[in-house]
Each structure stands twice: as C-alpha cells, then as structure tokens.
Amino acid sequence: MADLLQNVPSLTVDLDGNVSLRGSSSVTLLIDGRESSILTTNRGAALEQMPSDSLARVEIITNPSAKYKPDGTGGIINLVTKRPVKNGTSGTWTMNAGPDDRYSTTLVVGAKTCRWDATGSASVRQDDRVRTTQRERVVRTAEGTRSYAQTQSGREHARPLSRIVRGSIDYRPDPATVLGVAGSFNRRTFLRTDLTTTETVADPSAGPTGRFDRRRRDDEYERDIDLSAHFSRDLAGADHRFATDVRFSDTAEEEDNHYVETYRVPVQADELTATLIRQFQQSLETNVEYNRVLPGEIKADSGYVWERHRSDLDFRGTYVGATSGHTVVDPVQTNRFKFEENVHAIYVTGERTWDGLAMLAGLRMEQASVDSHLVGTDTTIPNDNFNLYPSLHLARSLGGPHELQLNYSRRVRRPEGDDLNPFAEYQDPQNLRVGNPRLKPEDIDSLEFGHQYRTDTTTVVSTLYFRRHVNGITDTVEVLPGEVVRTTKQNLGRQDDRGAELSAEGALTPTLSYHADANLFRDELDATNLGFSASRTAVSYLLKLGVTYRPRPRTMIQMNGRYDSTRLTATGRRGAVYGVNLGVRQDLWQKRAAISLTISDLFNTRREVREIDTGTLSERTVRRRDARLVYLGFTYRFGAGAAKPKDDALRFDDAQ
C-alpha cells in the first residue's frame, strides 16, 4: 500500500514509513472513513501489509469539511477498500520474496449475498532491516568558543515479523437499513541489535577525551486490537438519513532493552544497564449523525462525537552495581506517566447548489480536556481548551472539463502522550528526550484555490495554497552539562507555508502513460519565542514522475522517481531525499494471475540528512537503510470478478 501512496500527488513516505502530505507529517489516515489503531502505532509496517488489490481508491482531503475530525495539519488520507459487487465469493492471494529471508504473503477474501456482504484479510510479513547512522556534533560556549566535538557511528539490525488480520460484515435487513461490525488484530515482534561508538574530543590537537562502545539487544512487540459497529437507516424523503457507530481500540507496546557499555578512553569497567518500556493505549469513540434536506434545497448534516483516549507509559531502568554485582533500580530512568484526553464535538454543515456554483459550509465546536498524571510525584497537570473549526468549500463549473475550487478549513494537531511526558527517556548516555506537559495544540488555518481540467484521457489539477500554523509543535535541543544533549517539544510562535502545485496524469500513446506532480512552496518560521533572533525562510520543492509502458497487452514496465528538496526545520534543516524504483509485471491465465519483479531504490540513493544549528550546537546526522532491494512476487485471483483490477501500481519496498 505504501507504494500506491508514493504515486499520489504531494504524498511522500520516508525511511520509517511516515506519510507526509505537502511536507506535513501530521496526517490523519483513515480506512473507509474510520480511524484504525493499526495505522497509529506503526504506519509503515501496516501500509506495507495492506494489499493493493483490496483498495478501491485513495482519497486526499487537504481541506476537510467540519464533518470530519480536524486532527492532522496536512489533512486526511482515506483508504477506501473494495466491497463485493457480485453475489458469490472472490479473493486474491499474494506472495513476495526478497533477499535475506524477506517475505510477505496476504490472502484477501470477499463474499456477498442479497442481504450480506463480508470481507476479510490475513497477512504475514517478515522483514530484515539494516540501518546505519553517522552523527557529527560540535558544541560551543555562548561566546562562540569551541567546547568539544563528538562523533557517533552506529549500525542497527532488526527482523520484524508482522501479522495482521482484518474483517468486516454488513447486513441489510431491508434496502434502507445497514448494520455492520468490523475488527482488526495486529501483532508485531522483532529482535533489534545495534552497536554505537561515541568519541569526544575537547582539543583538536590532542587525542580523544572519551570513547566508548554501546551494544544493545532489544526484544520488542506491538499488539493492536480494533473493534467497531455501525448502524444506518434511510428515512422518508430524499437525503434523509440517521447513522451511528462506536469504536474501541486497545494497543500495547513493549521494549526490553539490555545494554553493555565498554569504555575505551578512559579505560574503566564495563557497565550493564537495562530499560523496560511499556506503553498501553485505549480509545473509545462514538458518533451520531443526522442528515436531511432543509427548505431551500439545503442538504444539512449534523452530528455529535465523543472520544476518550487513555495512555499509560511505564519506564523502568536498572543497572548492575559495580561492587555488589546485583541489579539496582535506576531512579533517574524509572517513571510512570498517565495521560487521558476527552473530546466532545458538535458539527453542522450545509450544502447548496446554484447554477454552476456549489457551496458547502460548516462549523465544528470542540471541547478537549487533557489530564497528564505524573505517578511518581502524584501530580496532575490539566490542559483544557475549547475551539471552533469552520470550513468553507466553493466549486464553480466553467463548462466542459473545467472547474474552479476555493476551500478553507481550520485544523489542529494535538500533542500525543510521548509529547507531554516530562520524564527523560535516554536514547543513549549523550542523548535524552523529554516531553512538555504544558504543550499547546497546534492550530492551522488552510486556504486553497484550484483549477481542474478532466477528460477521458487526461487530468490536470493546479492549486495555490496557504497555511498558517499557530503554536506549531516542534523539536528543540539544549546542551546540558556532562556532554549531554536534551531534545524536547515546544510551541513555535508562527509558521506560514505558501505554495503552488501542479499535477497531471494521462496517456501519451496507447502503450505509454504517466503521472507527474510538482510542488513549489515557501516556508517562513517565526521562532523568536524560542530564542532565535529573527524569522527564517526557505523555498523548497517536491518533484514526482511515474511512467508506465505496455509493450504487450499483458506486460507492464513501470518506473517512478521523486526528488524532495531541502526542508526548513525550527532548529536547522532536513536534507534532500530522492530515489528511483523500477518494476515489471507479466499477467497470466486471462489475468487471473501475475508475476512481478520490483527493484526499490534502483541507484541506492535513499538517505536522510538532518542538520541542527542553534549557535551553541552544530550537528549533522545521516541515516541510511540497506541497499536497493529486489522482490519477486506472485498474485492469484479467484472467484467472481477475478480479473486484474484497474489499479496498475507495482509494490516497492519504499517504507522500510
């Protein structure tokens, strides 16, 4: 599924599977219009396991109406899955194999009768990941004098095994009524090992003042359960409908880290330490919606939403005493943090169409109550807020294939449990991360003006957009005594994004088609409230191009590439990211089966570079994954409507 998202305009997927829309990683991912916990804890792994054949379309909503939750500064990505359209049973089985014992297999089955339809899927994915990290750091005094330099080099190896099961059933006792249930289960386990070497130099003319190796062995698991039920009934009259649904999710994660620290300079005894991190999350959500047509041909939607989110973060650090040899609890790394958020929302929208002009206006009112509980000190920090989220959408048909659109919406990015937890999490002895319990939500006002040209063979969309972020949530860094750097969350004063996007797709010849996207934007960051002397600006761009060639009716060759230029951050910048994928597919047996060969990162260019420059700290970090990956795949379709679906995107391992 991640490969399909790479083909969608303005979307990018990074090395960790994080999805960004127009440069914003704060994106709400939905499945059939509903949230799912499997897309919360580890989006990259979940997207890779969702089979392309199960997807009907990808909906991108950069300015959603007030009907939708306002979470996510970038907007909403809705993955609409296929439902059976013919009575009977159909399905798809897919198998992929790659180097280093990588493999994945997925079975998707759908069944339909006159009153029932059901879908289900089960998938297993065994991955193998090698990551390298190089970090160069220079620390200076307030006067600009060099204090010390530090280098870190690390290599990490992990073999995650993911298992996902999803299913849903809808029942229609009569043409006006639908009752349904859905559920999903995800379990992901893996063993992670890594070695990091850190060297510190105070005087460049002398040798290192400190050097040590840190070895880690980490057994991890993640488990997600998601259950939901929904009911809808069409009432008398056109567009007259009542609907309600309820959703429950439960997530558990555990990291069991064991470290051996070997000191080379100065020489001293090895240290044995461990951290056990357990995180539990539960969510309960209910929605009630009522739609009807009001006088004046106004289509009105109204609804009420209640959400409750609970998190429990439990950290336990230990070390082996140098003299006693016994395991001792480390109070510095032992803490427990609980977080609860309750959101009550009421929304109303109205839609009206005049001659060639359509308008959709809405307002959402939300009361959010957040309680952060520091268990060790028995301290509760409340953080409540009330907000209005208006939206306005105008569309004007110019006749023929042309249409103009003007959209506005207000959105929010709420802090998560990790963002609010004030206790320190030591990534290593030189780097720690803490949250900020007084972090405010980030509010975003988004405005777009666009033109769309659509024919049977060509679609061209051009858009001008502006986004203003208030209280933007960002990482900040601070140098502490003892050669330690602390990363925390703060609110920016303001951030403005201005941009223009042009996307096109179509057929150049009967055998050659394309999709292309160009996005040019200017970021302006006002971080004076964080100690920076002036606003910072940068111009960035994103280019994407995909080409599909069919030398024969059953043979397809596909190549896609992207170039994501340097981006501005609050404390520095993120370097350019670029890569090319290549794939071939051959259909078999009247398109009931297919074999494919894909090469991700054909030229081995994928890497992530981040730079920090705060005056007292200069740092450059380069992360790379293992080299280009080659996968051989086989797909078989059976049952009603078993021919190959319209979507031609090949699967590439881009979100590793």
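Restricting to the range 274-283, and then to whatever is open to solvent by less than 50 Å² (accessible area, probe 1.4 Å) and touching a helix residue (DSSP H, G or I) at 6+ places or on another chain (Cβ under 8 Å), can you tell me which residue is nearest to E425 (Cα to Cα)?
Top of the filtered list is Q279.
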Of all residues making up the range 470-494, the number that are open to solvent by 40 Å² or more (accessible area, probe 1.4 Å), hydrophobic (A, V, I, L, M, F, W, C) and either in contact (Cβ under 8 Å) with a residue 60 or more places away in the chain or part of a loop (DSSP other than H, G, I, E, B) (or both)
1
Residue satisfying all of: in the range 368-417; under 30 Å from T458 (Cα atoms) and aliphatic (A, V, I, L, M); most open to solvent (accessible area, probe 1.4 Å) among these:
L398
Can you confirm whether the range 229-241 contains a residue that is touching a His at 6+ places or on another chain (Cβ under 8 Å) and closer than 30 Å to R166 by Cβ?
yes
Residue list for the range 104-154, filter: among the charged types (D, E, K, R) and out of contact with any His (no Cβ under 9 Å at 6 or more places or on another chain):
K112, R115, D117, R125, D127, R135, E136, R137, R140, E143, R146
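Only one of T605, T548, T616, T569 is closer than 22 Å to R467 by Cβ and of a type in the set (S, T, N, Q). Can you tell me which?
From the options T605, T548, T616, T569, the qualifying one is T569.
Yes/no matrix, rows are residues, columns are (1) exposed (fewer than 15 other Cβ atoms within 10 Å of the Cβ); (2) within 21 Å of W306 (Cβ to Cβ); (3) in contact (Cβ under 8 Å) with a residue 24 or more places away in the chain:
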position: F248; (1), (2), (3): no, yes, yes
position: V260; (1), (2), (3): yes, no, yes
position: V267; (1), (2), (3): yes, no, no
position: L272; (1), (2), (3): no, no, yes
For the list (1) open to solvent by 20 Å² or more (accessible area, probe 1.4 Å); (2) at pLDDT 90 or above; (3) over 25 Å from the mean Cα position of the chain (by Cα); (4) of a type in the set (G, A, S), I need the number of the one condition that G362 fails.
(1)
For the range 507-529, pairs from a residue that is of a type in the set (G, A, S) to a residue that is open to solvent by 40 Å² or more (accessible area, probe 1.4 Å) and not in a strand (DSSP E or B), with Cβ under 6 Å and 6 or more apart or across chains, are A507/T457
Lone qualifier among D256, D239, D218 - being touching a strand residue (DSSP E or B) at 6+ places or on another chain (Cβ under 7 Å) and at positive phi
D239
Filter the range 608-638 for residues that are basic (K, R) and open to solvent by 60 Å² or more (accessible area, probe 1.4 Å) and give the result.
R610, R620, R624, R628
Among the candidates Q590, Q586, single out the residue that is open to solvent by 40 Å² or more (accessible area, probe 1.4 Å) and modelled with pLDDT of 90 or more.
Q586
Filter result for the condition that a residue is among the aliphatic types (A, V, I, L, M), over 30 Å from M95 (Cα atoms) and free of Cβ contacts under 8 Å to residues at least 60 places away in the same chain, over A149, A122:
A149
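Just to check your reading of the model, which residue among I225, I277 is of a type in the set (V, I, T) and within 30 Å of D170 (Cα to Cα)?
Answer to the selection: I225.
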Could you list, in sequence order, the residues of the range 171-189 that are open to solvent by 20 Å² or more (accessible area, probe 1.4 Å) and part of a strand (DSSP E or B)?
Y171, R172, P173, D174, V178, L179, V181, A182, G183, F185, R187, T189
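The values are calculated or read from the model by the stated rules, or taken from the named source; none is laboratory data. These figures come from a predicted structure and were not determined experimentally. As a convention, Cβ positions derive from the backbone with ideal geometry for all residues, glycine included, and neighbour counts pool all protein chains shown. Areas reflect the complete protein model, heavy atoms only, side chains present, ligands, DNA and RNA absent. Shrake-Rupley method; radii C 1.70, N 1.55, O 1.52, S 1.80 Å.
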